[in-house]
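Following: one structure in structure tokens, then a few remarks.
The values are calculated or read from the model by the stated rules, or taken from the named source; none is laboratory data. This structure is a prediction, so every number in the text was calculated from the model and none was measured. Surface accessibility is based on the protein's heavy atoms, side chains included, excluding ligands, DNA and RNA. Shrake-Rupley method; radii C 1.70, N 1.55, O 1.52, S 1.80 Å.
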Amino acid sequence: MERTLIIVKPDAVQRGLTGEIIQRFEARGLRIVGMKFMQVSRELAEKHYEIHQGKPFFEGLVNYIVSSPVVVMALEGKNAVAAARKTIGATRPNEAEAGTIRGDLALEVGRNLVHGSDSVENGQIEVGNFFSPSELIAWSRATDPWIIE
Ligand code: IDP
Ligand code: MG
């Protein structure tokens, strides 16, 4: 089953939006298979964002992610990666549609509240970078047949 890594970023936690953001993914029908409150180390942040190394915003991005605790989630579902990206909205909140997390709750790209994996392959890799196998729980919900045909 497809998995995606979601990070409720420091600005979202500081603004008290953790519950609202989790709620949107839950309501979408994605199944939580891992979740924790943590402080991201500089090493993990640099690994997570290594594709952006060398870009002008890289240092600010790493500083942002390590600036305060985050909530990380591993979500599972059919097309979980694409579904979560739609729920999150465009990278730049001023371009994000109303109804998305960024379109409803954020204004600036450097404070865009949430991360979601951008491909199926990266979903697997990123979940593995943030969670040990024992922190991921395979389970089924009583509501699954009402969400998945
Ligand atoms: P994504 O989070 O929508 O996948 P990416 O292009 O992968 O967007 O960029 C990763 C993160 O880097 C963004 O979510 C945002 O926090 C930050 N970022 C991207 N572009 C800029 C920029 O031009 N200025 C400042 N921060 C940026
Ligand atoms: Mg990205």
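Please report the carbon-and-sulfur percent of the accessible area for the range 1-67; probe 1.4 Å, protein heavy atoms only, DNA, RNA and ligands left out.
50
Would you rank I101, I147 by solvent-accessible area, highest first, keeping every protein chain in place and using a 1.4 Å probe?
I147, I101
Round to the nearest 10 and give me the degree value, 0 to 90, for the angle of helix 18-28's Cα axis relative to the longest principal axis of the chain.
The angle comes out at about 40 degrees.
Percentage of Cα-Cα pair distances in the chain greater than 22 Å, rounded to whole percent?
In whole percent, the long-distance tail amounts to 37.
For the chain, what is the accessible area per residue in Å², given a 1.4 Å probe and the full set of protein chains?
Averaged over the residues of the chain, the accessible area is 55 Å².
In cubic angstrom, how much convex hull volume per residue do the alpha carbon atoms of the range 60-138 span?
Here the figure is 109 Å³ per residue.
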